[in-house]
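Visitor: Quick one: this structure, given as structure tokens, is what I'll be asking you about.
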């Protein structure tokens, strides 16, 4: 089975990056090996897989030092500022307000920073929303527009 740069193997397991035999896909970095996965259901009806960065290594490194083809969409809960130091490509950074506790459920897009170049900081103003309900979604550049994610839109985060 071959995987292209934008395809991800889907499995019934909790982690979308596990293959049919339960082995981790070779392109997924070790920092996301035990990370839970979500499906992002965008306003346009498109579905994209994402990894939830809960552990220290996943939160601090994110998708830095990875090639664009191997970088998954990354949801960082309780985060309203990200840096792109160590990035090899531009990012679309979406700031979400979660409607329920935890990562799954409905979310409202508070702001989108498209095409954030490497060695930059993207943040949400302090007055924007409650800290505990803010999450950041990192996507490769252009993905937010492809998915139809824009400020004020509603996004559904589903656990597979």
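The values are calculated or read from the model by the stated rules, or taken from the named source; none is laboratory data. The structure presented is a predicted model; accordingly, all values stated were derived computationally and were not measured. We place every Cβ from the backbone using ideal geometry, glycine too, and count neighbours over all the protein chains shown.
Visitor: Given the conditions (1) part of a loop (DSSP other than H, G, I, E, B); (2) on the phi < 0 side of the Ramachandran plot; (3) exposed (fewer than 14 other Cβ atoms within 10 Å of the Cβ), report the number of the one that residue 150 does not fulfil.
Guide: (3)
Visitor: Could I ask something else about it? Condition test on residue 144, is it part of a strand (DSSP E or B), touching a strand residue (DSSP E or B) at 6+ places or on another chain (Cβ under 8 Å) and in contact (Cβ under 8 Å) with a residue 40 or more places away in the chain? Working first, answer last.
Guide: Working: part of a strand (DSSP E or B): no; touching a strand residue (DSSP E or B) at 6+ places or on another chain (Cβ under 8 Å): yes; in contact (Cβ under 8 Å) with a residue 40 or more places away in the chain: yes.
Taking the combined requirement at face value, the residue does not satisfy it.
Visitor: Within 23 Å of residue 34 (Cα to Cα) and assigned to a loop (DSSP other than H, G, I, E, B) - does that describe any residue in region 129-140?
Guide: For region 129-140, residues within 23 Å of residue 34 (Cα to Cα) and assigned to a loop (DSSP other than H, G, I, E, B): absent.
Visitor: Answer with yes or no whether residue 121 is over 18 Å from residue 153 (Cβ atoms), out of contact with any helix residue (DSSP H, G or I) (no Cβ under 8 Å at 6 or more places or on another chain) and touching a residue at least 40 places away in the same chain (Cβ under 8 Å). Let's see the steps before the verdict.
Guide: Values: over 18 Å from residue 153 (Cβ atoms): yes; out of contact with any helix residue (DSSP H, G or I) (no Cβ under 8 Å at 6 or more places or on another chain): yes; touching a residue at least 40 places away in the same chain (Cβ under 8 Å): yes.
When the stated conditions are applied, residue 121 passes them.
Visitor: With respect to residue 121, determine if the residue is surrounded by 14 or more Cβ atoms within 10 Å (Cβ to Cβ), touching a strand residue (DSSP E or B) at 6+ places or on another chain (Cβ under 7 Å) and at pLDDT 90 or above.
Guide: Numbers: surrounded by 14 or more Cβ atoms within 10 Å (Cβ to Cβ): no; touching a strand residue (DSSP E or B) at 6+ places or on another chain (Cβ under 7 Å): yes; at pLDDT 90 or above: yes.
No: the conditions fail for residue 121.
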